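Note sheet for the following structure.
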Amino acid sequence: MDFDEILKQVPIDDIAERFGVSHDVARQAVQEGGAVLVGGLAKNARTDEGSSAIEKALNRHEGFSGASKVDDVDQADGDKIVKHVLGDEKDDVVEKLTKSEKTAGGIDFGKLLPILAPIIMGLIANANKGKGGGIGDILGGLLGGGKQGSSDAGGGLGDILGGLGGLLGGGSSSNSGGGIGDILGGLFGGKK
């Protein structure tokens, strides 16, 4: 699974209409919000407790095949997912994403993330089905993957997170192997 699969399951045109922005701005916001959510899941999956909690949540989202409209998404469930994934940093992260000039303009990430969260959880659940505990591999593939397809894709969600690194409090990590970890460390206050 790569990021393009996530984009195919998200009602980008409906999001654009709801937020009063262009398709391109909505797509960029979905990429940025998706990167933050997948990155947060990957951070949580580093611990046995976090990985177990993610596995339980994924079981509840198995079979979800995306949404054709925003109204098809259980946003209350999405809000719970966002709160769990981002924890105490949720409000700060949402504010930084919404107000930054580095992110998609005109998008309220506080409203967008709960739309994206159930879709992403469903896709990850379906990709993980029958793999017996490969959640870290799937999340890692999403963060670093997506490069096989088109060369203009610019990499996976990890590249998007890298671009948001300064915004989210992470350091520049172009030479360090733990770039995503550094960014997420800044995003989540260095918690493990």
Kindly check whether there is at least one residue in the stretch 33-49 that is at pLDDT below 90, of a type in the set (Ser, Thr, Tyr) and surrounded by fewer than 18 Cβ atoms within 10 Å (Cβ to Cβ).
yes
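Taking the criterion of being at pLDDT below 90, among the hydrophobic types (A, V, I, L, M, F, W, C), in a loop (DSSP other than H, G, I, E, B) and in contact with a helix residue (DSSP H, G or I) (Cβ under 9 Å, 6 or more places away or on another chain), would at least one residue in the stretch 50-58 satisfy it? Full working, then the answer.
To start, the set of residues in the stretch 50-58 that are at pLDDT below 90 comprises 50-58.
Applying the additional criterion that residues be among the hydrophobic types (A, V, I, L, M, F, W, C) yields 53-54, 57-58.
Add one more test, that the residue is in a loop (DSSP other than H, G, I, E, B), and what stays is none.
No.
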Residue hits (the stretch 67-92; among the small types (Gly, Ala, Ser) and either within 20 Å of residue 109 (Cβ to Cβ) or in a helix (DSSP H, G or I) (or both)) are 67, 76, 78, 87
Selection count, the stretch 59-71, where residues are among the acidic types (Asp, Glu) and modelled with pLDDT under 80
1
What pairs come out if I take residues in the stretch 93-112 that are farther than 14 Å from residue 15 by Cβ and pair them with residues that are small (Gly, Ala, Ser) whose C-beta lies under 6 Å away, six or more apart or interchain?
94/110
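Only one of 19, 64 is among the aromatic types (Phe, Trp, Tyr) and over 23 Å from residue 126 (Cβ atoms); which?
Working: 64 fails: over 23 Å from residue 126 (Cβ atoms).
Matching residue, one of 19, 64: 19.
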Can you pull out the residues in the stretch 22-60 that are polar (S, T, N, Q) and over 14 Å from residue 124 (Cβ atoms)?
22, 28, 31, 47, 52
Residue 128 fails exactly one of (1) at pLDDT below 90; (2) surrounded by fewer than 21 Cβ atoms within 10 Å (Cβ to Cβ), namely (2)
So, of the residues in the stretch 84-112 that are of a type in the set (A, V, I, L, M) and farther than 15 Å from residue 44 by Cβ, which turns out to be nearest to the chain's Cα centre (by Cα)?
112
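Yes or no, residue by residue, for (1) among the aromatic types (Phe, Trp, Tyr); (2) within 24 Å of residue 57 (Cα to Cα); (3) modelled with pLDDT under 60; (4) part of a helix (DSSP H, G or I):
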residue	(1), (2), (3), (4)
103	no, no, no, no
107	no, no, no, no
132	no, yes, yes, no
152	no, no, yes, yes
Can you tell me which residues in the stretch 81-102 are surrounded by 23 or more Cβ atoms within 10 Å (Cβ to Cβ) and closer than 19 Å to residue 25 by Cβ?
97
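The values are calculated or read from the model by the stated rules, or taken from the named source; none is laboratory data. Small disclaimer: the values here were computed from a predicted structure and weren't measured. In this analysis, Cβ positions are derived from the backbone assuming ideal geometry, glycine residues included, and neighbour counts consider all displayed protein chains.
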